[in-house]
Every structure is written in structure tokens, then in C-alpha cells.
Amino acid sequence: MNIPMTDLKAQYAAMKQDIDEAIARVINNGQFILGPEVRAFEEEMAAYTGAKYAVGVASGTDALHLALLGSGVGAGDEVITTPFTFIATAEAISRCGATPVFVDIDPLTYNIDTAKIEAKINKKTRAVLPVHLFGQSADMAALMALASRYHLKIVEDCAQALGAEYQGRKVGTFGGAGCLSFFPSKALGAYGDGGMVITDSAEIARKIDILRRHGAGDGYYYSAHGFNSRLDALQAAVLRVKLKWLDDWTARRRKKAAVYARQLGPLPGIVLPHHDEKSPSSFNYYTIRLVGPGINRSALREYLQSKGISTAVYYPLSLHLQEVYRSLGYQPGDFPESELAQEQVLSLPMYPELGDKQIEVIANALAGYLSQ
Ligand SMILES: *Cc1c(COP(=O)(O)O)cnc(C)c1O
């Protein structure tokens with residue numbers, strides 16, 4: 001038996017006719033860039049998230065980059081973020097000519113430790129970029145309080161958290177802008193790259209719309225240095241079909257997480273993902289922490305792979321220690337929680353079609369290895 005990290009073929013099988021029809025509709029209509037499909041998808045996503053505006057762009061990375069630019073982040077600014085995330089979070093800051101300023105994580109949620117942010121705020125600080133890692137929301141109440149006290153912009157990285165909530169409201173709707181990724185392995189995955197910014201600000205939405213179209217106001221007249229960063233219509237048409245399934249998928253992943261918790265809870269040396277009933281995770285990834293003495297993560301991964309079970313490590317090296325950020329002068333030991341997490345985390349297979357039987361197989365394999 002093979003258990004992958006995610007199973008996009010099974011997903012396609014469940015909706016093949018609708019997807020094929022949506023793709024044929026775009027090809028017959030001939031509007032491949034922006035156009036009615038993208039507009040309709042943007043309206044549906046605004047309605048889904050509860051944001052006033054949604055602007056489709058070429059990727060989640062571009063969503064972050066354009067949302068930061070649209071929030072006024074530029075050269076010489078500092079943006080506070082977490083070192084325990086995918087590189088795109090910090091890359092987007094650097095691409096604005098700004099500097100990422102890292103703050104350690106809360107070991108429970110793996111998200112930015114809001115109690116440690118204030119010490120890093122100075123005159124150059126323009127924004128905070130929290131990441132809702134693995135699908136668990138960051139502490140938005142504390143972040144919004146800091147933002148209003150220090151007049152900072154908040155841009156939320158929701159690439160892994162579409163469908164997640166913070167105290168009854170969808171993530172991405174707290175800060176000035178929320179950024180989504182439609183990378184194939186994300187909760188709402190395109191057949192290629194795609195991303196989106198959601199916002200309640202007409203001004204930010206307008207700026208991003210201009211930036212994604214080469215800085216064009218109307219026609220061939222340009223008011224800003226822009227980019228080519230549009231969500232294409234084929235992806236929008238596919239995503240419109242999948243959006244109808246999203247709530248069902250999120251509910252199913254949450255049930256799988258509960259099954260995992262029952263199966264893995266009794267095993268020694270494993271810490272389960274944080275669970276907060278008021279702010280439920282979307283469980284884009286199911287990430288455990290290996291804390292037992294002497295557990296060798298790579299040996300465990302090889303053992304699981306030999307039984308057909310795929311796993312992943314998100315992320316093996318915190319961003320402050322990456323070569324690309326060497327010039328910022330961070331040292332090992334600067335962010336002990338992030339550095340500990342990078343050694344201990346292990347993401348297990350998680351997708352709506354994952355069977356309870358398969359979770360049992362995974363749990364038994366883990367139990368077998370740990371009792372060796
Ligand atoms: C996937 C991801 C991104 C980037 O999204 P792309 O669509 O791949 O550009 C950014 N941040 C996080 C946390 C991600 O997981």
C-alpha cells in the first residue's frame with residue numbers, strides 16, 4: 001500500500017466531468033487572461049472569505065509581494081515575520097526592497113510569538129507578516145493590537161490556511177490584506193500556479209489590480225512600475241469547480257485530524273498539532289513533533305517510506321539561517337524555538353480522501369518504529 005502526502009488523482013476522479021467542462025468552456029470562449037472566469041472566481045472567493053475584494057494573481061508568492069507593495073512597503077522598510085515558514089514569505093519582503101526582521105515562534109502553534117514582536121519594532125518597521133502555518137491561525141488579536149498601537153500594516157500569509165478560522169472569522173480578513181496560494185498541494189489547488197489577495201480596502205485592491213497588469217491604469221497608459229502577474233482563466237475555471245468542495249474538504253481533514261489524534265495520542269515521544277476549538281486549523285498539513293529521546297527523524301522517515309508511507313519536513317532550516325539571508329547577520333541560537341522545531345517536526349499524509357484505515361496503518365508503523 002502506498003500512502004502519498006496528498007492525492008490529487010483521487011480528487012480529480014470525484015469531479016472529472018465538472019473540471020473537464022470548465023476547461024472546455026474557457027477554451028471555447030477564448031479568453032485566457034483575466035476575463036469573466038477570473039472575475040467570477042474573485043467574486044466567489046470574496047463571498048467565501050467574507051472579504052470585500054479579491055484579486056487573482058499569478059502565485060501565492062506574488063500575492064505576498066503585491067500585497068506588501070499595495071500596503072506601502074518599499075525600500076528601506078522593515079517587515080517583521082517568522083523564520084519558520086516557506087521561503088516565499090521572506091522572499092516577498094526582500095523583493096520589495098525591504099528587510100525581513102525575524103521573531104521566534106510560539107512552540108505550541110509554530111506561529112510568530114506575538115509577545116516577542118514589540119522589542120523588534122523601530123522607526124523603519126512598516127508591517128508585520130504573520131503566517132498561519134500548517135492551517136493554524138496566528139494570534140490575530142495580539143497582532144491587531146500591536147498594529148494599531150504602532151501604526152503598522154498587517155499582511156497575512158494564508159497560503160496554508162484557506163478555510164481556517166480565528167475566533168469565528170476566516171483568516172486573511174483581519175489584516176489589511178490576506179494572501180492565498182493555489183499551488184497544487186494547497187487546500188484549494190490549481191493545475192499549475194495561482195494566487196490571490198483578499199482585502200477590505202478598495203485602495204489596496206485597486207493598487208494590486210494595477211500592479212498585476214504592468215502598472216496599467218487604462219489601456220496602454222502606465223501609472224506604476226508593474227508586473228505580469230495575472231491569474232489565468234483556465235486556473236480560475238478549475239478553481240471555481242473546486243471551491244464548491246472546499247468546505248467539505250476542510251471538514252473531512254478536520255475529522256482525519258481527530259482520527260490521527262486518537263491513534264497517535266497514546267504513543268510516547270509524539271506531540272500532536274495544537275488544537276483550539278475557537279480557532280480551528282484547516283489542517284492543510286498534519287504536522288507532529290518528535291520529542292522522544294533518541295528518535296532519529298531521517299531513520300524514521302526511511303522506515304515509513306519502506307512501508308509506502310510518504311512524509312515531509314516543513315521546514316528543515318529556519319529562514320534566518322539560510323544562505324540567502326547570511327548578510328543579515330543572524331546566528332544559530334538566535335531563535336531557539338524555530339531551530340528546535342526544524343529538528344523535530346514531521347508532516348504526515350493529510351488529504352480529504354485519506355482513509356481511516358490508512359491512518360491506522362500510519363499509526364501502527366509509527367508505533368512499531370517507536371517501540372524498537
Ligand atoms: C505555498 C506557500 C507560499 C507561496 O505560494 P506559491 O503559490 O507557491 O507562490 C507562501 N507562503 C507559504 C507559507 C506557503 O506555504
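The values are calculated or read from the model by the stated rules, or taken from the named source; none is laboratory data. As the structure is a prediction and not an experimental result, all values here were calculated from the model. Because the Cβ atoms are built from the backbone with ideal geometry, glycine has one as well, and the counts that use them run over all protein chains shown. To get the accessible areas, we keep the full protein, side chains included, count just its heavy atoms, and leave off ligands, DNA and RNA. Shrake-Rupley method; radii C 1.70, N 1.55, O 1.52, S 1.80 Å.
Restricting to the stretch 302-323, give me the number of residues that are assigned to a helix (DSSP H, G or I), farther than 16 Å from Ile362 by Cβ and not charged (D, E, K, R).
3
Identify all residues within the stretch 128-142 that are within 18 Å of the chain's Cα centre (by Cα), under 16 Å from Lys170 (Cα atoms) and not in a loop (DSSP other than H, G, I, E, B); write none if there are none.
Val131, Leu133, Phe134, Gly135, Met140, listed by residue number.
If Tyr222 passes every condition in (1) within 14 Å of the ligand (Cβ to nearest atom); (2) among the hydroxyl-bearing types (Ser, Thr, Tyr); (3) over 28 Å from Ile121 (Cα atoms) but one, which one does it miss?
All conditions pass for Tyr222, except number (1).
For Ile23, state whether it is among the aliphatic types (A, V, I, L, M) and out of contact with any Pro (no Cβ under 8 Å at 6 or more places or on another chain).
yes
Restricting attention to the stretch 37-56, which residues are within 15 Å of Val238 (Cα to Cα) and either in contact (Cβ under 8 Å) with a residue 40 or more places away in the chain or not in a helix (DSSP H, G or I) (or both)?
Listed by number, the residues that qualify are Glu37, Val38, Ala40, Phe41, Glu42, Glu44, Met45, Gly56.
Among the candidates Ser282, Ser229, which residue alone is small (Gly, Ala, Ser), open to solvent by less than 30 Å² (accessible area, probe 1.4 Å) and more than 18 Å from the chain's Cα centre (by Cα)?
Ser229
Which count do you get for residues in the stretch 154-185 that are surrounded by fewer than 22 Cβ atoms within 10 Å (Cβ to Cβ) and either within 11 Å of the chain's Cα centre (by Cα) or within 12 Å of the ligand (Cβ to nearest atom) (or both)?
Adding up the residues that qualify gives 3.
Filter the stretch 316-360 down to residues that are under 27 Å from Met1 (Cα atoms), of a type in the set (Ser, Thr, Tyr) and surrounded by fewer than 20 Cβ atoms within 10 Å (Cβ to Cβ), then give me how many there are.
Number of matching residues: 1.
Any chance the stretch 208-215 includes a residue that's open to solvent by 40 Å² or more (accessible area, probe 1.4 Å), within 11 Å of the ligand (Cβ to nearest atom) and not small (Gly, Ala, Ser)?
There is no residue in the stretch 208-215 that is open to solvent by 40 Å² or more (accessible area, probe 1.4 Å), within 11 Å of the ligand (Cβ to nearest atom) and not small (Gly, Ala, Ser).
Please determine, by comparing only the residues of the stretch 134-179 that are of a type outside the set (S, T, N, Q), touching a residue at least 60 places away in the same chain (Cβ under 8 Å) and in contact with an Asp or Glu (Cβ under 9 Å, 6 or more places away or on another chain), which one is nearest to Asp276 (Cα to Cα).
Of everything passing the filter in the stretch 134-179, Tyr166 is nearest to Asp276 (Cα to Cα).
Residues being part of a helix (DSSP H, G or I), in contact (Cβ under 8 Å) with a residue 24 or more places away in the chain, small (Gly, Ala, Ser) and away from the ligand (no atom under 16 Å from the Cβ): count how many of those fall in the stretch 80-127.
Result for the stretch 80-127: 1.
How do the pairs read when you match residues in the stretch 261-277 that are at positive phi with residues anywhere that are of a type outside the set (A, V, I, L, M, F, W, C) and not in a helix (DSSP H, G or I), using Cβ under 8 Å and keeping only pairs 6 or more apart or on different chains?
Taking only residues 6 or more apart or on different chains, the pairs are Gly269/Gly292; Gly269/Pro293.
Of everything in the stretch 254-296 that's among the β-branched types (Val, Ile, Thr) and assigned to a strand (DSSP E or B), which residue is nearest to the ligand (Cβ to nearest atom)?
Thr287
Only one of Leu231, Leu246 is within 16 Å of the ligand (Cβ to nearest atom), at pLDDT 95 or above and within 25 Å of Ala67 (Cα to Cα). Can you tell me which?
Leu231
Output the number of residues of the stretch 111-133 satisfying the condition of being open to solvent by 10 Å² or more (accessible area, probe 1.4 Å) and closer than 22 Å to Pro336 by Cβ.
8
Please count how many residues of the stretch 225-253 are assigned to a helix (DSSP H, G or I) and of a type in the set (Lys, Arg).
Qualifying residue count, the stretch 225-253: 4.
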